[in-house]
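Undergrad: One structure, as structure tokens, below. Some questions next.
The values are calculated or read from the model by the stated rules, or taken from the named source; none is laboratory data. Note that the structure is predicted; figures quoted are calculated from it, not measured. Ideal geometry is used to build each Cβ from the backbone, glycine not excepted, and the neighbour counts take in all protein chains shown.
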Amino acid sequence: MKPVSYKRILAYLVDVLIVAFIGSLLTVFIPVSDVYEKTSSSLTEVIEDFQDKKIDEEEYLEKVNDISYVLSKESVASSIVLVVVSIIYYVVFAYYNDGQTLGKKLLKIKITSSKDKKLSMNNYLLRSLLINSILINIISVVTILALNKANFIKVNDTVTSFFGAIYIVTFALILFRQDGRGLHDLLAGTKVVSLNNETVSNDNSHEVVNEKIEEASIVKEEKETPVKNSKKEEKSKKEPKKREVSTKKSSKTNLKK
């Protein structure tokens, strides 16, 4: 496993805990209905009955689906709060904090562009929709409000399976791709880099620039050398001619005398 890969996974877990904690603090102010409390207790009873083999698997799944539908309907407000908190934390906060969430800051990694361009808030939003459960929560809220129980259960099962596959593919890409980019990174045009590596690369870039300057000066000198040599040759050719002329003049002077 690459060092950045385990840092990303740890940072992800830290961020999930932070968002869950903030969300739970805010949802404390949302009143819990009697229906939600009764349904939650009935879920516990159903699980116990299934473990004690009082009901078979088919009956268990049917009752769990009914209960999950009621719980989802009663917790729409909490789901909306979680979506808003996730967008503020993973998108807005990361954008204004130079590509770092608190988890990434702790592990000394950050989000950057894969094409060395400045990232927009849309880049952060696109990657967060997939990896930070924002899209799945939005779909859940919309479907629970728009569909009946039977259709909601079908859509919910499909969406859950789909996003489960996305998470598996994403983490596999992060672990085994050479550049460590997950599916969300590929779609959003981003990558996650270690700040230590970035410092090294910056130092290397200065060295490369210096090397290029030295190469350019050498090439310039090589180009100027033939010109200087040709000028010296022309000068050396002209000097004998001047000597001949001066010799002739002196001989003529002597004859006259």
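Undergrad: Right, Ile47: among the aliphatic types (A, V, I, L, M) and free of Cβ contacts under 8 Å to residues at least 60 places away in the same chain or not?
TA: Yes.
Undergrad: Additional query: Of Val81, Val85, Val76, Val91, which residue is in contact (Cβ under 8 Å) with a residue 40 or more places away in the chain and touching a Leu at 6+ places or on another chain (Cβ under 6 Å)?
TA: On the way: Val85 fails: touching a Leu at 6+ places or on another chain (Cβ under 6 Å); Val76 fails: touching a Leu at 6+ places or on another chain (Cβ under 6 Å); Val91 fails: in contact (Cβ under 8 Å) with a residue 40 or more places away in the chain.
So the residue among Val81, Val85, Val76, Val91 that is in contact (Cβ under 8 Å) with a residue 40 or more places away in the chain and touching a Leu at 6+ places or on another chain (Cβ under 6 Å) is Val81.
Undergrad: Considering only segment 100-115, state which residues are under 12 Å from the mean Cα position of the chain (by Cα) and without any contact (Cβ under 8 Å) to a residue 24 or more places away in the chain. Spell out how you get there, then give the answer.
TA: As a first pass, look at segment 100-115 and keep what is under 12 Å from the mean Cα position of the chain (by Cα): 100-101, 104, 109-115.
Gln100 - this is the single residue of segment 100-115 that is under 12 Å from the mean Cα position of the chain (by Cα) and without any contact (Cβ under 8 Å) to a residue 24 or more places away in the chain.
Undergrad: So, in segment 158-167, of the ones that are of a type in the set (A, V, I, L, M, F, W, C) and free of Cβ contacts under 8 Å to residues at least 12 places away in the same chain, which residue ends up surrounded by the most Cβ atoms within 10 Å (Cβ to Cβ)?
TA: Step by step, filter segment 158-167, then rank; the result is Phe162.
Undergrad: Would you check if Tyr36 is out of contact with any Cys (no Cβ under 8 Å at 6 or more places or on another chain), surrounded by 11 or more Cβ atoms within 10 Å (Cβ to Cβ) and either more than 30 Å from Asn196 (Cα to Cα) or of a type in the set (S, T, N, Q) (or both)?
TA: Judged against the criteria, Tyr36 is a match.
Undergrad: Which of the residues spanning segment 84-140 are in contact with a strand residue (DSSP E or B) (Cβ under 9 Å, 6 or more places away or on another chain) and of a type in the set (Val, Ile, Thr)?
TA: Result: Thr101, Ile109, Ile111, Thr112.
Undergrad: From the list Asp116, Asp56, pick out the single residue that is acidic (Asp, Glu) and modelled with pLDDT under 90.
TA: On inspection, the qualifying residue turns out to be Asp116.
Undergrad: If you scan segment 152-176, which residues turn out to be under 16 Å from Leu130 (Cβ atoms) and of a type outside the set (A, V, I, L, M)?
TA: Thr160, Ser161, Phe162, Phe163, Gly164, Tyr167, Thr170, Phe171
Undergrad: Before we move on, is Asp116 surrounded by fewer than 17 Cβ atoms within 10 Å (Cβ to Cβ) and either farther than 22 Å from His184 by Cα or touching a Lys or Arg at 6+ places or on another chain (Cβ under 9 Å) (or both)?
TA: Numbers: surrounded by fewer than 17 Cβ atoms within 10 Å (Cβ to Cβ): yes; either farther than 22 Å from His184 by Cα or touching a Lys or Arg at 6+ places or on another chain (Cβ under 9 Å) (or both): no.
Judged against the criteria, Asp116 is not a match.
Undergrad: Failed condition for Ser5, given (1) over 30 Å from Leu173 (Cα atoms); (2) of a type outside the set (A, V, I, L, M, F, W, C); (3) in a helix (DSSP H, G or I), with all others met?
TA: (1)
Undergrad: Something else now. Report whether or not Phe21 is at pLDDT below 95, closer than 30 Å to Lys105 by Cβ, out of contact with any helix residue (DSSP H, G or I) (no Cβ under 7 Å at 6 or more places or on another chain) and surrounded by fewer than 14 Cβ atoms within 10 Å (Cβ to Cβ).
TA: So Phe21 does not fit the description; no.
Undergrad: Only one of Ile109, Ile80, Ile47, Ile55 is under 30 Å from Val4 (Cα atoms) and aliphatic (A, V, I, L, M). Can you tell me which? Lay out the reasoning, then the answer.
TA: Working: Ile80 fails: under 30 Å from Val4 (Cα atoms); Ile47 fails: under 30 Å from Val4 (Cα atoms); Ile55 fails: under 30 Å from Val4 (Cα atoms).
It is Ile109.
Every residue, every condition in (1) surrounded by 17 or more Cβ atoms within 10 Å (Cβ to Cβ); (2) among the charged types (D, E, K, R); (3) in contact with a helix residue (DSSP H, G or I) (Cβ under 6 Å, 6 or more places away or on another chain); (4) closer than 21 Å to Leu10 by Cβ, yes or no:
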site	(1), (2), (3), (4)
Tyr124	yes, no, yes, yes
Asn132	yes, no, yes, yes
Ile136	yes, no, yes, no
Val141	yes, no, yes, no
Ala150	no, no, no, no
Val169	no, no, yes, yes
Gly180	yes, no, yes, yes
Leu183	yes, no, yes, yes
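Undergrad: Against the condition part of a helix (DSSP H, G or I) and either of a type in the set (A, V, I, L, M, F, W, C) or free of Cβ contacts under 8 Å to residues at least 40 places away in the same chain (or both), how does Val32 come out, does it pass? First the steps, then the outcome.
TA: Numbers: part of a helix (DSSP H, G or I): no; either of a type in the set (A, V, I, L, M, F, W, C) or free of Cβ contacts under 8 Å to residues at least 40 places away in the same chain (or both): yes.
In short, no.
Undergrad: Give the residues of segment 46-86 that are under 30 Å from Val19 (Cα atoms), in a helix (DSSP H, G or I) and not hydrophobic (A, V, I, L, M, F, W, C), sorted by residue number.
TA: Once the filter is applied, which keeps residues that are under 30 Å from Val19 (Cα atoms), in a helix (DSSP H, G or I) and not hydrophobic (A, V, I, L, M, F, W, C), segment 46-86 yields Asn65, Asp66, Ser68, Tyr69, Ser72, Lys73, Glu74, Ser78, Ser79, Ser86.
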